[in-house]
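To start, the structure under review is shown below, and the notes come after it.
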Amino acid sequence: MSDALLKVEGLTVTYGGGPAVHGVSLAVPSGSVAALLGANGAGKSSTLRAIAGLEKCEGRIVFDGADISHLDAAKRFKAGIVYVPEGRAVVADLSVSENLTLGSYFVDSRTRATRRDMVLDFFPEIANRLKAPAGLLSGGEQQMLAIGRGLMSAPRLILLDEPSLGLAPLLVARVYERLAKIQREHQLTALLVEQSFHAAAKLASRAWVMRHGHIVGELDADSLRSREGRQRAIDAYLGSREEAHA
Ligand SMILES: Nc1ncnc2c1ncn2[C@@H]1O[C@H](COP(=O)(O)OP(=O)(O)OP(=O)(O)O)[C@@H](O)[C@H]1O
Ligand SMILES: [Mg+2]
C-alpha cells in the first residue's frame, strides 16, 4: 500500500518475559480508521505504544514515507502522531480547559483556538464543564476529554487505546458516533485498539485481530460492515462469546 500514512513492518516488542508483540505488520491509509482487535494481553497496547515511541522495539515504522523508527516519542508527537492511552487519561486536578491546553502545548495559538472550537463542538458535554476539575467528570466525559485533548494538536494520526473501556454501552455508542463525525468532517486518520469488536466495526474500514502478540486475522471494510462477516471473524478469532449485532 503505497499511500499509507503509517506503515509498520515486523514490529516486535520484548519485555522481561519474552516478546509481547511478534513481527506485527500493518498499514493505515491517510484519512481512514483502522482497528486492532484482540483479548486482554494480546499485545494491542504494546503495539500502539511502540508506534508512539513509548516502548523499545524492533522493526520498521514508516510515517508519511519517512522511517521514524529512530525518533523518540517527543519527535513523533511533533511529527503529528498522538497517542491517547487507555483508561481515563486526564489530569484530575486540572480543569477541563487546562487539560485541553495541555494537548496543544506545541502548536501556535491560532491552531489552538480553532481546534478548541472544533473539540467543544464535537463534545458539548465537556464544553459546559470547562472550569470543572477533570477528575469530577463522569467516565464518559473524561473519555471525551482525553480524545479531545488528543485532537487539540491537530494530529495527522491519532492512536486511540480502547476508547470504550469502562463505559456503559450507550456511552460507547455516543463516543463512537462522535469519532465517526470527526472522521467524516476532518478526514481523521486513526488506529484504534479495542477488545469490543462491535464498537470498532462500524467506524473502521479495516481491522487486524491480534492474539498472543501475533496478527492472526485481517478484515476488510465489507466483512466489517456485514453482520455475517463480523460473526465469522468473531467465531474464528475471538471465540463465540461475542455476538455480532446487526
Ligand atoms: N511494561 C511491561 N512490562 C512487562 N510486561 C508487559 C508490560 N506491558 C505489557 N506487558 C505484557 O505484555 C503482554 C501484552 O500486553 P498489552 O498491554 O500490550 O496487551 P493488550 O492487548 O493491550 O491487553 P488489554 O486489552 O488487557 O489492555 C501482556 O502479557 C502484558 O502482561
Ligand atoms: Mg491494552
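Only the coordinates and a few stated rules stand behind these numbers; no lab work does. Computed from a predicted structure; not experimentally measured. Counting neighbours? That spans all protein chains shown, and the Cβs are built from the backbone with ideal geometry, glycine included.
Structure data summary
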| quantity | calculated |
| --- | --- |
| Cα→Cβ-extended label distance, 7 Å offset, between D121 and S25, nm | 4.1 nm |
| Between the stretch 149-179 and the stretch 65-116, the alpha-carbon center distance in angstrom | 14 Å |
| Spin-label model distance (nm) - N128 vs V216, 7 Å beyond Cα toward Cβ | 4.4 nm |
| Most positive-pole-ward Cα, H198, S30, S109, against dipole of the chain from beta carbon charges | S109 |
| Beta bridges by DSSP in the chain, antiparallel share as percent, to the nearest 5 | 55 percent |
| Three-way shape label, the stretch 64-216, alpha-carbon gyration tensor, a/c 1.5 | oblate |
| Leading residue at positive end of dipole, the chain (Cβ point charges), from W208, L160, S95 | S95 |
| Percent of beta bridges antiparallel (DSSP, the stretch 102-246, rounded to nearest 5) | 55 percent |
| Computed magnitude of the charge dipole of the chain (debye, nearest 20; Cβ of K, R +1, Cβ of D, E -1) | 360 debye |
| Relative intensity, log₁₀ I(q)/I(0), of the stretch 165-223 from a Debye sum that treats every alpha carbon as a point, q = 0.14 Å⁻¹ | -0.43 |
| Extension reserve of the K78-L102 stretch, reckoned as 0.36 nm per residue once the Cα distance is removed | 7.2 nm |
| Residues with amide H under 5 Å from that of R211, placed H, sequence gap 5 or more | V216 |
| Rule-of-thumb Rg ratio for the stretch 1-155 [Cα; 2.2 N^0.38 Å; N residues] | 1.12 |
| Neighbour-limited loop hits for chymotrypsin sites (Phe, Trp or Tyr not before Pro), the stretch 94-158 (at most 16 other Cβ within 10 Å; DSSP other than H, G, I, E, B) | Y105, F106 |
| Relative contact order (percent, whole number), the chain, Cα cutoff 8 Å, 6+ residue spacing | 25 percent |
